[in-house]
Amino acid sequence: MAEIGIGIVGGGYMGKAHSVAMSAVGAVFNTRLRPRLEMIAATSAASAERYAKAYGFRRWSDNWRALVEDQRVEAIVIASPQDTHRQIAEAAFALGKPVLCEKPLADTLDDARAMVAAAEASGVVNMTGFNYIRTPASQFVRQLLKDGVLGEIRWFRGEHTEDFLADPDTPFNWRCAGRANGNMGDLAPHPINAALALMGPITRVMGEVETVVANRPGGAVTNDDHAQIMCRFASGVMGHIYSSRVSTGRKMGYAYEITGSKGAIRFDQEDQNAVWLYLAEGPEATRGFRKILTGPAHPDFEPFCQGPGHGTGYLDQIIIEAKDFLTAIDTGQSVWPTFRDGLEVAEVVEAVIQSAEQSRWVDVSDVGGLQT
């Protein structure tokens, strides 16, 4: 085993999650590389010091450049606002340091493309932080699809629905301004990423994007609340994706349904330790969806607990992500999802927005991207 110095930029919601994950991943997965919480950076010295003491970092800074350039920081996690991602990533790659960057990859498509170019030019390990698709349940679903258990796939429906802005009297806050902070920047990338992971490339989209509550106490909303997307996959399969921050009653509605010629699957993140599987076999009278509880037989479950049905939680997804990042660094080979995979999500998002503005189907390839 060898130590690796970890630097995290940002100490808020995701900064804390990544800090906890890096503290626990070595014990959970017995990784060859053992993280050392070397430095954390925040926008002020006071907050950086507070985060460092709370999470267990050796040092802190109010300057992300100082963190990136520090010799004892050997790998970097970017958990700061989207408009800072490009600068930090490019600086890290210039020094040959691996980067795990939270989603979305950037606040603009141009910046996302530049980050992919920098990552691939450097040859350094890079990864985009899509954690929900890493649950043991969703990893199991990916394996079922790979094995053809559902037969010929006919339909996909995905969603990410929450209700943190469902109440029109909720005051205006930072989430209500700027495209990157709206539904299409914040929530939509998750179900799009799930669709790409489970079904493969999306070729065409028809989207509608809407602001439901235009004015809130304290200000006018300048970004979207929800969006619906009709899509066509490269396989020819039809699909539909919905994302919303105004879905009353939904807290973590990251869910999908997949229908095939031999069966179907349902999954809902609010019950993240279960997969509902229907197989078209046996007498009709005894067919039906059956609930499969995840356990040691499913991917990345056993390191957490040897008891089937005991369940994993949100932070466990981040720990799995940390394991994958450390494994990539150890082997020198980036693992899915890379920055390029993050760019693929960004291009679908851009195609949806163009479709909504122009009221027509848009080919994702028309949005353009880096050439392979």
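Within segment 208-226, can you find the residues that are outside any strand (DSSP E or B) and polar (S, T, N, Q)?
Selection gives Thr211, Thr222, Asn223.
Please count how many residues of segment 44-90 are surrounded by 16 or more Cβ atoms within 10 Å (Cβ to Cβ), of a type outside the set (Gly, Ala, Ser) and closer than 21 Å to Trp174 by Cβ.
So the answer is 10.
Does segment 54-76 include one or more residues that are polar (S, T, N, Q) and within 14 Å of Lys16 (Cα to Cα)?
no
So, in segment 151-178, how many residues would count as being small (Gly, Ala, Ser), touching a helix residue (DSSP H, G or I) at 6+ places or on another chain (Cβ under 9 Å) and crowded, with 17+ Cβ neighbours inside 10 Å?
1
In this structure, does Asp300 turn out to be of a type in the set (D, E, K, R), within 30 Å of Ala119 (Cα to Cα) and in contact (Cβ under 8 Å) with a residue 60 or more places away in the chain?
Details: of a type in the set (D, E, K, R): yes; within 30 Å of Ala119 (Cα to Cα): yes; in contact (Cβ under 8 Å) with a residue 60 or more places away in the chain: yes.
The answer is yes for Asp300.
Which condition number in (1) within 18 Å of the chain's Cα centre (by Cα); (2) surrounded by fewer than 20 Cβ atoms within 10 Å (Cβ to Cβ) is the one that Ala285 fails?
(1)
Evaluate segment 349-357: report whether one residue or more is in contact with a Ser or Thr (Cβ under 8 Å, 6 or more places away or on another chain) and either surrounded by fewer than 24 Cβ atoms within 10 Å (Cβ to Cβ) or touching a residue at least 40 places away in the same chain (Cβ under 8 Å) (or both).
The initial filter retains those residues of segment 349-357 that are in contact with a Ser or Thr (Cβ under 8 Å, 6 or more places away or on another chain), namely none.
Within segment 349-357, none of the residues are in contact with a Ser or Thr (Cβ under 8 Å, 6 or more places away or on another chain) and either surrounded by fewer than 24 Cβ atoms within 10 Å (Cβ to Cβ) or touching a residue at least 40 places away in the same chain (Cβ under 8 Å) (or both).
Taking the options Ala195, Ala214, name whichever one is surrounded by fewer than 18 Cβ atoms within 10 Å (Cβ to Cβ), assigned by TED's automatic domain parsing to the domain that holds Arg290 and among the aliphatic types (A, V, I, L, M).
Ala214
The values are calculated or read from the model by the stated rules, or taken from the named source; none is laboratory data. Nothing here was measured: the structure is a model prediction, and the numbers come from that model. Note that we place each Cβ from the backbone using ideal geometry, even for glycine, and neighbour counts take in every protein chain shown.
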